[in-house]
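Student: Pasting a structure here, questions to come.
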Amino acid sequence: MQLPASSDDVLGPLAIRDQLSLTRIDASLRFVCLFFFTAALVWLLIGTVFALLTSFSLHSPSLLPCWEWLTFGRIRSAHLNAVAFGWGNNAAFAVAIWIMARLCRAEIRHGGLLLIAAIFWNIGLTVGIFGILRGDITSVEWLEMPTYVAPLLAVSYVLIGAWGVLAFAYKKSEHVYVSQWYILAALFWFPWLYTIVQIMIFFEPALGTVQAITNWWFGHNALGLWFTPIGVAAAYYFLPKVLGVPIRSYYLSLLGFWSLALFYNWAGMHHLIGGPIPVWVISAGTVASVMMVIPVIVTAINHHMTTVGHFKSVWQSPTLRFVVFGAMSYTLSSLIGSTMALREVSQVTHFTHAVVGHAHHGAYGFFTMVMFGSIYYMMPRLLNREWPSACLIRIHFWCAALGITLMAVALHIGGWIQGVEMNTPDILFLQVVKNTVPWLKARSVSGVLLASGHVAFFVNFIWMLCRRSEAFAHEGPTLIPLFWKKEAATDQQD
Amino acid sequence: MEWNYCLTFIVFLGIFFFSSGISALVWAVRNGHFQKFDEQARAIFTEEEPEGTHTDYFPGKMSVNSKISNK
């Protein structure tokens, strides 16, 4: 392979200085990010097992042994907490802090403390999910983990989030990019949500239905003000980064951020449509949910216009295959969500599988796919090493994309039929339940697809961690040009 | 703890978070983050991963030479 005589020929001396600093930033985060990703993937696999058990037990109730640890309520909640706070949070922490550090052009200092916080987060989570399985589960959705782990989780989160904020405070770059806005905001919003909900529901419980309001204020905002901003931040970073073109309209990206900040925190009340709370609270929630169309459309237009003319490049990049799929799902699931927040629509979809389908569409189709894409971009740069198998990446993509599409379609249609039938008094409830079985079986098939994709991803990930760098160098660089590696190696020797 | 004290604490925390948001907006306006959009949109590119270069491919699908000619 023909290499340039020196990197000066290609980039010039100024470039090398900057390039080394980026390499250093990646190096400063290597261990922490690898820990987060490994933990995230282990939780993803554990969560997938819980998911499969839950899904199969819905259409084949006699499949699981009569053991209280495996009852539906417990494994369903163990699944939610394992994938949301285990997979989602661990991946989000790594992606957010890595993007933040790179955009700030600042190394992460005292990474050891960050690593300790990360370890404590995962210890808290392990205790919490074990607590759910042994029966210490609370009855509050999205907060099922027993209250004795809440302080540990809150302190670990604040410590991890502080590193993102500190990186911003000591930034060396002149500009602030929109991803930094999203990440900073998310790092502020989540502790605020978590602390308030813990106080108002568990430690000093509010009276009556105020608890329900607080519950859904948290439940919806955990998605909208934590996972969504991190996912959108990653999409805004990786789309233009991989394509090598700036985002089409930076103005629109800022409009999207501030309108999301203004509207999303009201939207959770649509979960209580028909519930015994003041009507104006529900109306405010519905209005805010519909207003969410603004940031969603703005983001969709911006992403689409940036990608136009580069569709071939999107297909050639593992990162962008996942990120673009995620960005498209964000638009679609958000628009469906705004529709489901209307009173007339909610009368049908409420308490049906359509809500479950919608939650997976957003949390998996959007957030998880963007995180997968981010990991495909970050890992080679953290390890200075290539992904071992392109085939496994393709298997992962097709299993994930087909799996989540099947799940979203099956549960939305099945849930809608279920809702219409439940609103028809002539149909017996048992018959309504029986009619959902084919859709639930379709969901299990999609679960098997997703699980296969996760296994492919895990194998590729572990293979990449364990292989030696030199093993692939002679075959030619793909994600990282070889001369960058050479400079990095020279830098390390210096 | 009395519920009223608790409520006061929550209200103060709310005021703190709300004013942080407003301060962030004011800071952004004063420091010109709502101007020079072109420059900020290019903040993600460095000499190492410059504008005009695709930086991600499937393993084994891209060589250094084609990457350089791509620039």
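The values are calculated or read from the model by the stated rules, or taken from the named source; none is laboratory data. For clarity, every value in this text was computed on a predicted model and none was experimentally measured. Using ideal geometry, Cβ is built from the backbone for each residue, glycine included, and neighbour counts are taken over all protein chains shown. Remember, those area values only see protein heavy atoms, side chains included, never the ligands or the DNA or RNA. Shrake-Rupley method; radii C 1.70, N 1.55, O 1.52, S 1.80 Å.
Student: Please determine whether any residue of the range A:391-404 is within 14 Å of another protein chain (Cβ to nearest Cβ) and of a type in the set (Phe, Trp, Tyr).
Tutor: yes
Student: Continuing with this model, one more query. When the residues of the range A:405-425 are filtered to those that are within 23 Å of residue A:325 (Cα to Cα) and surrounded by fewer than 20 Cβ atoms within 10 Å (Cβ to Cβ), which remaining residue is nearest to the other protein chains (Cβ to nearest Cβ)?
Tutor: Of everything passing the filter in the range A:405-425, A:405 is nearest to the other protein chains (Cβ to nearest Cβ).
Student: Applying the selection to the range B:38-53, what residues are outside any helix (DSSP H, G or I) and either at pLDDT below 85 or surrounded by fewer than 20 Cβ atoms within 10 Å (Cβ to Cβ) (or both)? Explain how you work it out, then say what you get.
Tutor: Just the residues of the range B:38-53 that are outside any helix (DSSP H, G or I), to begin with: B:42-53.
Within the range B:38-53, B:42, B:43, B:45, B:46, B:47, B:48, B:49, B:50, B:51, B:52, B:53 meet the criteria.
Student: Would you say residue A:149 is under 30 Å from residue A:68 (Cα atoms) and in contact with a Gly (Cβ under 6 Å, 6 or more places away or on another chain)? Outline the logic, then answer.
Tutor: On the way: under 30 Å from residue A:68 (Cα atoms): yes; in contact with a Gly (Cβ under 6 Å, 6 or more places away or on another chain): yes.
It is true that residue A:149 is under 30 Å from residue A:68 (Cα atoms) and in contact with a Gly (Cβ under 6 Å, 6 or more places away or on another chain).
Student: Take residue A:37 and tell me if it is assigned to a helix (DSSP H, G or I), closer than 30 Å to residue B:43 by Cα and not β-branched (Val, Ile, Thr).
Tutor: Answer is yes for this residue.
Student: For residue A:231, only one of the following conditions fails: (1) buried (at least 18 other Cβ atoms within 10 Å of the Cβ); (2) assigned to a loop (DSSP other than H, G, I, E, B). What is its number?
Tutor: (2)
Student: Still on this model: Report every pair of residues separated by at least 6 positions or lying on different chains whose Cβ atoms are under 8 Å apart, first residue within the range B:28-46 and more than 7 Å from every other protein chain (Cβ to nearest Cβ), second open to solvent by 70 Å² or more (accessible area, probe 1.4 Å) and not polar (S, T, N, Q).
Tutor: B:28/B:34; B:45/B:51
Student: If you go through the range A:154-200 one residue at a time, how many are in a helix (DSSP H, G or I) and either within 20 Å of residue A:239 (Cα to Cα) or more than 9 Å from every other protein chain (Cβ to nearest Cβ) (or both)?
Tutor: 31
Student: Turning to a different aspect of this structure: Looking at (1) in a helix (DSSP H, G or I); (2) more than 20 Å from the chain's Cα centre (by Cα), which is the only condition residue A:242 fails?
Tutor: Checking residue A:242 against (1) in a helix (DSSP H, G or I); (2) more than 20 Å from the chain's Cα centre (by Cα), the one that fails is (2).
Student: Still on this structure, I have one more. Only one of A:353, A:361 is away from every other protein chain (no Cβ under 14 Å), open to solvent by 10 Å² or more (accessible area, probe 1.4 Å) and closer than 28 Å to residue A:461 by Cβ. Can you tell me which?
Tutor: The match here is A:361.
Student: Of the residues that sit in the range B:23-37 and are open to solvent by 80 Å² or more (accessible area, probe 1.4 Å) and not aromatic (Phe, Trp, Tyr), which one is modelled with the highest pLDDT? First the steps, then the outcome.
Tutor: Residues of the range B:23-37 open to solvent by 80 Å² or more (accessible area, probe 1.4 Å): B:27, B:29-31, B:35-36.
Filter once more, so that each one left must be not aromatic (Phe, Trp, Tyr): B:29-31, B:35-36.
Numbers: B:29: 88, B:30: 91, B:31: 86, B:35: 84, B:36: 83.
Looking at the filtered set, the residue picked out is B:30.
Student: If you go through the range A:115-138, how many residues are open to solvent by less than 30 Å² (accessible area, probe 1.4 Å) and closer than 16 Å to residue A:76 by Cα?
Tutor: 7
Student: For the range A:286-310, enumerate the residues that are open to solvent by less than 10 Å² (accessible area, probe 1.4 Å), farther than 17 Å from residue A:270 by Cβ and within 21 Å of the chain's Cα centre (by Cα).
Tutor: Passing the criteria: A:299, A:302.
Student: Another question, if that's okay. Can you tell me which residue is farthest from the other protein chains (Cβ to nearest Cβ) among those in the range A:201-214 that are assigned to a helix (DSSP H, G or I) and open to solvent by 20 Å² or more (accessible area, probe 1.4 Å)?
Tutor: Quick first cut of the range A:201-214, residues assigned to a helix (DSSP H, G or I) only: A:201-203, A:210-214.
Still in the list and also open to solvent by 20 Å² or more (accessible area, probe 1.4 Å): A:202-203, A:210-213.
Numbers: A:202: 12, A:203: 8, A:210: 10, A:211: 12, A:212: 17, A:213: 13 Å.
Filtering the range A:201-214 for residues that are assigned to a helix (DSSP H, G or I) and open to solvent by 20 Å² or more (accessible area, probe 1.4 Å), the one farthest from the other protein chains (Cβ to nearest Cβ) comes out as A:212.
Student: Can you tell me which residues in the range A:139-163 are touching a Ser or Thr at 6+ places or on another chain (Cβ under 7 Å), in contact (Cβ under 8 Å) with a residue 40 or more places away in the chain and open to solvent by less than 30 Å² (accessible area, probe 1.4 Å)?
Tutor: Residue satisfying the conditions is A:144 alone.
Student: What's the total number of residues in the range A:383-394 that are modelled with pLDDT of 90 or more and in a helix (DSSP H, G or I)?
Tutor: Residues meeting the conditions: 5.
Student: Moving to a separate point now. Of the conditions (1) exposed (fewer than 10 other Cβ atoms within 10 Å of the Cβ); (2) farther than 17 Å from residue A:169 by Cα, residue B:10 satisfies every one except a single condition; which number is it?
Tutor: Residue B:10 satisfies all of (1) exposed (fewer than 10 other Cβ atoms within 10 Å of the Cβ); (2) farther than 17 Å from residue A:169 by Cα except (1).
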